[in-house]
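Colleague: Mind having a look at this structure? Questions to follow.
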Amino acid sequence: QRLLRFAVDRGVRMDILPDVLQRIEAHKARLEERNMPVVQSAPEPTLRIQALGHPQVELDGEAVKWPVTTSRDIYYYLLQYPQGLRKEQIGDVFWPDHDPERLEGVFRSYLYRLRRAMFSKSVLYEDGLYRCNREIDYWYDIEVWEGLLDEARKPASPEVKISLHEEALALYRGDYLEEVYADWSDLERQRLRERYLLALETLAGLHAERRKLERAVELYQGLLNQDSYREVGHRELMRCYFRQGNRAAAIKQ
């Protein structure tokens, strides 16, 4: 009202008042932004997760120090289920004998330690499900390894397939969580190990087809060192020896 009275006294045309008011509001907004303190947002954490061989999680280049191994194991277990799991599903694996009331306290305790060892949003809770935060910058050897093998199954030249298999096998530093002994890890270990052996077998065959017999022999020997009962490995290794002209080695095999 004071502004309108001032405008009338000064003979200002009423039809331009809306434009004047908009300019005033815009000017006030600019002043507020100029005086507003700058908030430095914390950079998102960078995760490097290793599950093949010795389990290790690195946060911003530093190895995560787990207060208890159960918290670490829960994290790796959740990694197997990107869609998330209910608290009761996790409890059935780690504390099958606990009643709901006791499970609530134990689960909260280990989840708190997990998040404290990593960061608060390392495990998210949405729609009744707990899941690992995959919305940050992270590298997980299992996902990279299986992605390479999946890509190698698509139609491509032998050279591309060989390159993808070689890159994948270089990532396989050991069996899945080789220090964790539990049913949930054993099942995943067996699945991934079978994929690894099949990848060895496939890569050896690709090299044999390209007449790279020394590399094929090396891979078939590695395959049989891992699984001495793999019949296809013995058969194809004998075939490679014959193609090399090494009849004695073929007969011995």
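The values are calculated or read from the model by the stated rules, or taken from the named source; none is laboratory data. As the structure is a prediction and not an experimental result, all values here were calculated from the model. Methodologically, a virtual Cβ is constructed for each residue, glycine included, from the backbone with ideal geometry; neighbour enumeration extends over all protein chains shown. Heavy atoms of the whole protein, side chains included, go into the accessibility calculation; ligands, DNA and RNA do not. Shrake-Rupley method; radii C 1.70, N 1.55, O 1.52, S 1.80 Å.
Colleague: Roughly to the nearest percent, how much of the accessible area of the stretch 103-204 is carbon and sulfur, given a 1.4 Å probe?
Modeller: The computed percentage sits at 51.
Colleague: Further, regarding this structure: Roughly speaking, what is the stretch gain from residue 228 to residue 156, that is 0.36 nm per residue apart minus the C-alpha to C-alpha distance, in nm to one decimal?
Modeller: 22.8 nm
Colleague: Among 158, 120, 132, whose Cα lies farthest out toward the positive end of the dipole of the stretch 92-167, if unit charges sit on the beta carbon of Lys, Arg (+1) and Asp, Glu (-1)?
Modeller: 120
Colleague: Can you figure out the FRET efficiency of residue 92 with residue 115, using R₀ = 22 Å and their beta-carbon distance, to the nearest 0.05?
Modeller: 0.55
Colleague: Where nothing but the Cβ of Lys and Arg (+1) and of Asp and Glu (-1) is charged, how large is the charge dipole of the stretch 105-253 around its Cα centre, in debye to the nearest 20?
Modeller: 340 debye
Colleague: Rounded, prolate or oblate: which fits the stretch 158-253 when a ≥ b ≥ c are the square roots of the eigenvalues of the alpha-carbon gyration tensor, with rounded for a/c under 1.5 and prolate only if a/b beats b/c?
Modeller: Oblate, since a/c reaches 1.5 and b/c is not below a/b.
Colleague: Next up: Heavy atoms of the protein only, probe of 1.4 Å, neighbouring chains included. What is the accessible area of residue 115 in Å², nearest 10?
Modeller: 70 Å²
Colleague: Under the classification rounded if a/c is under 1.5, otherwise prolate if a/b is larger than b/c and oblate if not, where does the stretch 201-253 fall, given a ≥ b ≥ c as square roots of the Cα gyration tensor eigenvalues?
Modeller: Cα axes put the stretch 201-253 in the oblate bin.
Colleague: Work out the FRET efficiency for residue 102 and residue 54 from their Cβ-Cβ distance, taking R0 = 45 Å, and round it to the nearest 0.05.
Modeller: The value I calculate is 0.85.
Colleague: Additional query: If R0 is 22 Å, what FRET efficiency do you get for residue 221 and residue 191 from their C-beta distance, rounded to 0.05?
Modeller: Taking R0 as 22 Å, the efficiency between residue 221 and residue 191 is 0.35.
Colleague: If you don't mind, there's one more thing I want to ask. With the calculation restricted to Cα positions, what are the radius of gyration and Dmax of the stretch 90-205 in angstrom?
Modeller: Values for the stretch 90-205 (Cα only, Rg and Dmax): 18.6, 58 Å.
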